[in-house]
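Step one of this worksheet: look at the structure below.
The values are calculated or read from the model by the stated rules, or taken from the named source; none is laboratory data. Predicted model only: the values in this text are computed from it and were never measured. Every residue, glycine among them, receives a Cβ derived from its backbone with ideal geometry; neighbour counts consider all protein chains shown.
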Amino acid sequence: MFSSEDIIRFREDTEGVNHVIHLNNAGASLPPNPVRRRVVEYLEEEMTLGGYETHTKYFEEIEGTYGSIARLINADESEIALVENATVAWNAGFQAIDWKDGDVILVTTADYASNYLSYLHLQRKVNVKIEVIPNDEFGQPDIGALPLMLNEQVKMVSVTHMPTNSGLLVDAEGIGAVVREHPCIYLLDACQTVGQYPLDVERIGCDLLSATGRKYLRGPRGTGFLFASNNILDQLTPAWIDLHSAEWTGKNEYIIRSDARKFENWEGNRAGTVGLKTAVDYILEIGINNIWERILELGAYTRKRLAEIDGVTLRDIGKVKGGIVSFTVAGKTAEEVKVYLHSKGINVSWNGRANTFLDMSDRGLDEIVRACVHYYNTKEEVNIFCKALSEI
Ligand SMILES: *Cc1c(COP(=O)(O)O)cnc(C)c1O
């Protein structure tokens with residue numbers, strides 16, 4: 001558990017907290033100062049040394065990024081690919097599967113729009129079937145319904161760990177325990193849980209996991225990674241290859257790499273990579289279990305305070321709720337709430353129906369405001385936010 005001195009130190013490490021009350025951590029977190037510093041230093045080296053020469057100089061640090069990420073999620077570094085964002089990571093895995101007519105994809109109601117759009121887009125080429133796992137009374141996937149749905153046609157179970165529009169933490173481990181018994185691929189969208197929740201790919205039992213750098217990891221924008229388990233790497237064929245993911249060995253011959261880097265391209269934002277490594281190392285140092293504990297506490301506090309405000313309705317679902325706090329305000333649009341709070345120096349964001357179409361439609365919601373807390377936020381900030389909101 002973090003002490004109050006720890007929180008003071010984390011805030012001293014975060015220039016942004018002197019300027020805004022930042023409750024948009026599910027959009028993009030404020031980075032710690034060491035992350036910004038490393039990115040700037042790297043860019044300055046590129047300016048004076050040259051891009052390739054800087055890469056050579058920082059080779060070990062760049063390579064070390066794989067090990068840092070692997071440690072954070074309990075994977076092997078050969079199972080990590082560095083890519084631009086979570087969408088690229090997710091699709092690198094999804095598009096590498098040999099989809100056939102009749103294949104079934106089991107999905108969750110709170111799946112992220114881009115994921116669901118990819119299922120629909122795939123259906124234009126291949127006759128795959130999308131089946132939605134029903135929810136239980138807490139609004140989370142009903143694990144009891146899974147065994148009946150898992151027949152031979154099911155090629156993939158695709159789960160959004162924490163949806164973009166509610167605090168819900170899906171029981172990824174519970175789903176994994178059932179899916180493990182079946183020969184299908186388990187793809188976990190961990191975009192909102194990486195850096196927030198203690199992810200352990202062994203315990204979860206997922207085959208693929210996608211993540212972004214800028215959200216709860218507090219890394220630079222334009223960074224992300226894919227975890228692809230050694231158990232299934234040889235069954236996956238990248239949708240495209242280049243001279244980094246494959247080697248041209250003869251006029252009509254080539255060899256694709258065997259590790260997860262077969263999902264990378266040669267070119268990438270190396271300043272972003274060293275920034276991402278710095279962000280992950282920061283988390284490894286302070287402890288992901290401590291972070292999760294702090295977020296659970298601040299999230300619960302925020303929900304409690306919001307529930308006391310007339311006209312505010314909390315919209316979170318699920319048994320375990322994390323840092324994303326969703327609500328609506330009677331008589332105000334989400335955009336009005338966001339703009340008003342922004343004028344008071346408070347950053348929140350909002351989601352429309354199209355971001356998580358099934359879930360929002362099921363619940364009759366058009367939009368929700370998101371106030372998303374991270375471990376470096378404080379109860380005082382939450383109080384100021386709630387006071388401002390009550391005066392809207
Ligand atoms: C933000 C988000 C994504 C997409 O991440 P990008 O880095 O923008 O590609 C995917 N899934 C969930 C649940 C998200 O919240």
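Give me the pairs: first residue in the range 20-31 and over 18 Å from Leu389 (Cα atoms) and touching a residue at least 60 places away in the same chain (Cβ under 8 Å), second residue within 15 Å of the ligand (Cβ to nearest atom) and among the small types (Gly, Ala, Ser), beta-carbon distance under 6 Å, and six or more apart or on different chains, which are they?
Partner pairs satisfying both residue conditions: Gly27/Ser349.
For residues in the range 14-43 being more than 23 Å from the chain's Cα centre (by Cα) and among the charged types (D, E, K, R), which is farthest from Gly224 (Cα to Cα)?
Restricting to residues being more than 23 Å from the chain's Cα centre (by Cα) and among the charged types (D, E, K, R), the top hit is Glu15.
Restricting to the range 250-280, name every residue that is part of a loop (DSSP other than H, G, I, E, B), free of Cβ contacts under 8 Å to residues at least 60 places away in the same chain and either of a type in the set (Gly, Ala, Ser) or farther than 23 Å from Val39 by Cα (or both).
Correct list: Lys251, Asn252, Arg257, Ser258.
Sort out which residues of the range 79-101 are in contact with a Phe, Trp or Tyr (Cβ under 7 Å, 6 or more places away or on another chain) and near the ligand (Cβ under 9 Å from one of its atoms), and write them in order of number.
Ala89
Anything in the range 139-163 that is touching a residue at least 12 places away in the same chain (Cβ under 8 Å) and assigned to a helix (DSSP H, G or I)? List them, or say none.
Ile143, Ala145, Leu146, Pro147, Met149
Before we move on, is Phe94 at pLDDT 95 or above, out of contact with any strand residue (DSSP E or B) (no Cβ under 7 Å at 6 or more places or on another chain) and within 25 Å of Ser258 (Cβ to Cβ)?
For Phe94, the condition - at pLDDT 95 or above, out of contact with any strand residue (DSSP E or B) (no Cβ under 7 Å at 6 or more places or on another chain) and within 25 Å of Ser258 (Cβ to Cβ) - is not met.
Could you identify the single residue in Ala145, Ala228, Ala177 that is hydrophobic (A, V, I, L, M, F, W, C), buried (at least 23 other Cβ atoms within 10 Å of the Cβ) and modelled with pLDDT of 95 or more?
The match here is Ala228.
When Ala239 is evaluated against the numbered criteria (1) surrounded by fewer than 22 Cβ atoms within 10 Å (Cβ to Cβ); (2) among the hydrophobic types (A, V, I, L, M, F, W, C); (3) assigned to a strand (DSSP E or B), which criterion, by number, is the only one it fails?
(3)
Does the range 205-218 hold any residues that are more than 12 Å from the ligand (Cβ to nearest atom), buried (at least 24 other Cβ atoms within 10 Å of the Cβ) and farther than 20 Å from Arg294 by Cβ, and which are they?
Of everything in the range 205-218, those that are more than 12 Å from the ligand (Cβ to nearest atom), buried (at least 24 other Cβ atoms within 10 Å of the Cβ) and farther than 20 Å from Arg294 by Cβ turn out to be Cys206, Asp207, Leu208.
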